[in-house]
Amino acid sequence: MSLPADQSVPTLATGCRWATPEADDDHEERTVLFPEGAIKVQGPGRRILEECDGKRTFLEIVSTLERQYNVAEPGRIRSDAANFLEQLHEKRIVDY
Amino acid sequence: MASNPLALIAEITHRCPLHCVYCSNPLQMIQVQAEIATEDWLRVFREAAKLGMLHVHLTGGEPLARQDLTELIAGAHQAGLYTNLITSGLGLTRGRLRELVGAGLDHIQLSFQDSREAPANWIAGARAHAHKIELAAWIREQRIAFTANLVVHRQNLDHLEEMISFIESLAPGRMEIAHAQYYGWALENRAALIPTREQLDHAVVVVAAAVERLKGKIRIDAVVADYYARYPKACMGGWGQRLMLIDPKGRALPCHAAGVIPGLEFDSVREHSLEWLWQESAAFQKFRGEAWMPEPCRSCDRRAEDFGGCRCQAFLLTGDAAATDPACSLSPQHFVMEEALQVANSGEPVSQLVSRPVAERGAFGSFAQVQRESEWKYRVNPE
């Protein structure tokens, strides 16, 4: 298993998709549907996943997030996002 | 109030071109004329989504036997449900698959009976294997979620590694390796299906190795053989807790097999809303929660984990649906499992099962070993 590389292009895996808005009564949360399951994401996790549009590279996604979140510790957002995506990759929810 | 169900199992027909010896359908099947109409299903899907359900599993029988399948998938998709088609693939052409995907099909679950053609066709009672392999390529081309299901049992566990490699060659995103569960037709054929202890131990090692090796490539989900487990399975995630099944004639059941339990009445979507069925119908309340539990479940620390196991298995094996599932080592009736396992592990040839005409058995080539060891009771079709 490996973390996404700078030039990786993360995207929701085949067969995984966002639920329609009506399924999410609480608008802080959004649901990702996949075979036999679903995960709810909110906060930074949700932001990371929403950036994974299959067009932008991991590096571009990290810079977008760095502009949105004010985190003092350098490299923190990058490592958090990489670990988060790796976990979802293992579950076959995200591909890169 | 019960919390909302998560998924709907839509058993849209009992018709099927396969006759698998471990089919989970009831022995008494629902006839075509009694099946509910397209509009009924479309309303069910809208109500399911409104109730907070996320997934619909279209199953059967063979769902492709319904001519309105495209319309049903489109309706479920428009309602906001994640649509899963559980199929043998028989009758699915490349064009019809494209049409189903266009209608909003998210996931297809294709069952395999074996890696080898002759035994696969033997188990299914139909020449299906070669077509399924061709279909796998068409599914990948559609870029939808693809699960390959493999039912494992006494007759095929000795070449489990080969079967896993075979499934791997079809490149699904997910592989389900399920030990046959003994309900319906499988219970009729249990003696010929139940694995030996040695087979089971070997399978555990092989599956664990495959999970590790295929990580990130193919996700593997395994369904255990509860006869060999210490504790029972958390059947359906608890009775009336997560899942609702609607059968071909519109009756709402807490699980596939619930029809075997005497005294339970199942209300229909023809007369009631899904919300009413979930909250109010007697069948869903019968074993919901803990009030029905006998000892040792009632005071057991595991009762919130496994809910006392499976009600249908409890009935089928002990005659009492409110008994602790005999799969549990703490059940006073656990000996019924142990007896079945003793027979399975005795080294004796499997005894003769329910017979069927030899001419029919010969129709699918010579799978000599199975024929010698036992006779099968094949799933029939509704009239």
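Every read-out reported here was derived from the displayed coordinates using simple, explicitly stated rules and does not represent laboratory data. Because the structure is a prediction, the values reported are computed rather than measured. A quick note on method: Cβ atoms are made from the backbone with ideal geometry, for glycine too, and the neighbour counts reach across all protein chains shown.
Some notes on this structure:
- Available extension along the chain between B:Val336 and B:Glu275 is 18.1 nm, counting 0.36 nm per residue and deducting the alpha carbon span.
- Helical contribution to [θ] at 222 nm, DSSP H n ≥ 4, -39,500 (n - 2.57), averaged over chain A, rounded to 500: -11000 deg cm²/dmol
- Taking each residue as 0.36 nm, the span from B:Arg302 to B:Thr93 lengthens on full extension beyond its C-alpha to C-alpha distance by 70.5 nm.
- Rounded to the nearest 20 debye, the dipole magnitude of the protein assembly as shown is 620 debye, with +1 charges on Lys and Arg beta carbons, -1 on Asp and Glu beta carbons, and the Cα centre as origin.
- By the count of other C-beta atoms within 10 Å, a proxy for reagent exposure, B:Ile36, B:Ile123, B:Ile12 are ordered fewest to most as B:Ile36, B:Ile12, B:Ile123.
- Listed residues A:Gly37, A:Pro21, A:Pro74: farthest to the positive end of the dipole of chain A (Cβ charges): A:Pro74
- Normalised size of the range B:170-284, defined as Cα radius of gyration per 2.2 N^0.38 Å with N residues, equals 1.35.
- Extension gain, A:Gln87-A:His27: 0.36 nm per intervening residue step, less the Cα-Cα distance, totals 19.2 nm.
- Translational diffusion of the range B:68-165, µm² s⁻¹ [Kirkwood Rh, Cα pairs; Stokes-Einstein; 25 °C; 0.890 mPa s]: 171 µm²/s
- Size of chain A: Rg and Dmax of its alpha carbons, in Å, are 13.1, 39.
- Relative contact order, percent, chain B [alpha-carbon distance under 8 Å, six or more residues apart]: 21 percent
- Given A:Lys40/B:Lys286; A:Lys91/B:Lys215; B:Lys132/B:Lys217, the pairs whose alpha carbons are separated by over 19 Å: A:Lys40/B:Lys286; B:Lys132/B:Lys217
- When peptides A:62-73, B:153-164, B:194-205 are ranked by their average number of other Cβ atoms within 10 Å per residue, the highest-first order is B:153-164, B:194-205, A:62-73.
- Rg to Rh quotient for the protein assembly as shown, alpha carbon positions, Kirkwood Rh: 0.97
- Estimated dipole of the range B:1-90 in Debye, rounded to 20 [Cβ of Lys and Arg +1, of Asp and Glu -1, Cα centre]: 160 debye
- Every Cα-Cα pair of the range B:252-303 was included, and the share exceeding 18 Å stands at 41 percent.
- Placing +1 on the Cβ of every Lys and Arg and -1 on the Cβ of every Asp and Glu, with no other charges, gives chain B a dipole of roughly 620 debye about its Cα centre.
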